[in-house]
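J.: Could you have a look at this structure, given as structure tokens, before my questions?
Bear in mind that the values in this text are calculations on the coordinates, not laboratory data. Bear in mind the structure is a predicted one, so any value in this text is a computation, not a measurement. Here the Cβ is made from the backbone with ideal geometry for all residues, glycine too, and neighbour counts use every protein chain on show.
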Amino acid sequence: MVALLSEFASSTGTGETAWRRMPTRMKVLYITTRQRTGGWLAEAFAADSAAEVLLEECLGMAAGLARLRDECFDAVLVSHQPDLLNALDLVEGYRVGGADEPIVVLGTQSEQEMAALCHEVGADGYLCVHTATTRNLIWVIARAVERHRLVRENQRLKLAEQTRLQREHDEAADLLQQQHTMLG
């Protein structure tokens, strides 16, 4: 697989550094309806993939939320069909609950009309299924995964800094208490 990626990167003029940022394996949940199953998506990932994508599919909002509660996924794809499965409502509810998996919405509306709405409710991206390529979808997912990794790392570093500052504060307070005891 790595040889294939290197060969592709060389033949397309994309640098090897770009491929190093691409996860080699991704476990992705696709939340959809009976009318739009993920067979086409699984075939597209298998046929033209810069990464190995394990696609798991579930039907409906309730089943999707249950899977997200019980399992870990690298990313989540949600089919937006306003009358059957409103991805905007699902993403907003999921984010309000504190979840932080990368979420990309797939729909038939143009990116111009949907991208901002998706970002406003907490999705990491929107792609129109009529115009997006498989490679574009993989890169959108990879960028979302990387962004979430960086956010978690920043949160970890912030917590470590707060802990360090609290420890220094406690040490200073102890020294002042010792000095007060010696003098008094």
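J.: For the stretch 51-96, enumerate the residues that are charged (D, E, K, R) and under 19 Å from Glu120 (Cβ atoms).
T.: Hits for the stretch 51-96 are Asp89, Glu92, Arg95.
J.: List every residue pair whose Cβ atoms lie under 9 Å apart, where the two residues are 6 or more positions apart in sequence or sit on different chains, the first residue falls within the stretch 134-154 and is among the aromatic types (Phe, Trp, Tyr), and the second residue, located anywhere, is not in a helix (DSSP H, G or I).
T.: Pairs found: Trp139/Met22; Trp139/Ala50.
J.: Next question, about the same structure. Just the residues that are of a type in the set (Val, Ile, Thr) and over 17 Å from Leu29 (Cα atoms), please, taken from the stretch 85-119.
T.: Passing the criteria: Val96, Thr108.
J.: While we're here: From Ala51, Ala115, Ala62, which residue is over 25 Å from Gln155 (Cβ atoms) and exposed (fewer than 12 other Cβ atoms within 10 Å of the Cβ)?
T.: Ala62
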